[in-house]
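Below is one structure, written out as structure tokens, with a few remarks after it.
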Amino acid sequence: AVPKTRILATGGASHNKKILQVLSDVFNAPVFTIDTANSACLGSAYRAIHGLVAESNVPLADVVKLAPEPRLAVTPTPGAEEV
């Protein structure tokens, strides 16, 4: 995996540990989720706000600083990158 690579999974499938594990193993990166209903919609809303303030050079990090903190859901299975 690229250093500091992480995946943020949202939506209904983000509650399925087996799907998250496959995602983690395929990309050899930890997978994070957030405990918020409709998390995919929330992410879209943050991107929309970021687009609205883009002309004032507000970084995305500032737009999402009050967002729920992602939690680690799964990490890659050791040796999965070799498969």
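The values are calculated or read from the model by the stated rules, or taken from the named source; none is laboratory data. Quantities reported herein were computed from a predicted structural model and do not represent experimental measurements. Backbone-built Cβ (ideal geometry, glycine too); neighbour counts: all protein chains shown.
When the test is whether a residue is assigned to a helix (DSSP H, G or I), of a type in the set (Ser, Thr, Tyr), more than 22 Å from Val83 (Cα to Cα) and touching a residue at least 24 places away in the same chain (Cβ under 8 Å), Ser14 passes it.
Residue count for the stretch 17-62, restricted to those that are in a loop (DSSP other than H, G, I, E, B) and polar (S, T, N, Q): 4. Take the residues of the stretch 23-66 that are under 14 Å from the mean Cα position of the chain (by Cα) and of a type in the set (D, E, K, R): which is modelled with the highest pLDDT? Looking at the filtered set, the residue picked out is Arg47. The residue that is modelled with the highest pLDDT, counting only those in the stretch 68-83 that are surrounded by 14 or more Cβ atoms within 10 Å (Cβ to Cβ) and either on the phi > 0 side of the Ramachandran plot or among the small types (Gly, Ala, Ser) (or both), is Ala73.
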